[in-house]
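The values are calculated or read from the model by the stated rules, or taken from the named source; none is laboratory data. Everything numeric here is computed off the predicted structure, so don't read it as measured data. In this analysis, Cβ positions are derived from the backbone assuming ideal geometry, glycine residues included, and neighbour counts consider all displayed protein chains. Surface areas here come from the heavy atoms of the whole protein model, side chains and all, with no ligands, DNA or RNA. Shrake-Rupley method; radii C 1.70, N 1.55, O 1.52, S 1.80 Å.
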Amino acid sequence: MRAIRGLWRWRRNPLRRATDLAEAWVALAALVLIVVAAPLIGSLVGAAAQDSLQRSVRQQQHDRHLVLATVVRRLGGAPVEPDPDATSVHDTRSRVLADWTAPDGTRQEGPVLTTLKSPHKGDHFDVWTDRQGVVTARPLDAATATTHAVLAGFGAALLAAGVVESGRRTIVWRMVRRRYARWDQAWDRAGPDWGKAGTGS
């Protein structure tokens, strides 16, 4: 709105300089880009991220399997930090030696993390594995993927708006510097006559 008011104010003003009008046009162009281009870029980036992430969700849900593991024995060491993808950030994880049957039917055994509060031999818990039975992270769910895509879209829109605004400020800064340089040159030309008798001052 300020850009539009600036253009209207300088439209027929006798004190208008070319740089004043140029600054107003630059501000208007930046406003249009921020209002139109930034949301468009954000929506395109968000849509591309959503498409890519949903493909990853489908691939992970196809490749990863939830299997039942059995505790063989508890392994020493302090509890491990919670998994950021876990349902609760207050879950503490313990290292145990466990065995499980892989989706391909082979028997597997190895150290894994469990959310069991006090794991004992024979306790059962779920673990995510790939097709060969190698322990992996749980697959990404569709809702989380959508949240990431929306955040990516918002981030891209904000970044685009920031780039446009930075460009506008840079252009105006250069205009102002050029204007000051011209003023300095004009003052330098008039300066030697300051205060002299008979110079018309």
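Being open to solvent by 90 Å² or more (accessible area, probe 1.4 Å) and modelled with pLDDT under 85 is the requirement here; does residue 87 meet it? The answer is yes for residue 87.
Looking at this structure, is residue 64 open to solvent by less than 60 Å² (accessible area, probe 1.4 Å) and either under 30 Å from residue 144 (Cβ atoms) or of a type in the set (A, V, I, L, M) (or both)?
Yes.
Counted as qualifying within the stretch 90-136 are the strands (runs of 3 or more DSSP E) with 2 or more residues that are under 17 Å from residue 63 (Cα atoms), open to solvent by 50 Å² or more (accessible area, probe 1.4 Å) and out of contact with any helix residue (DSSP H, G or I) (no Cβ under 8 Å at 6 or more places or on another chain), namely 124-129. The residue that is modelled with the highest pLDDT, counting only those in the stretch 73-84 that are closer than 27 Å to residue 145 by Cβ and either among the small types (Gly, Ala, Ser) or surrounded by 15 or more Cβ atoms within 10 Å (Cβ to Cβ) (or both), is 83.
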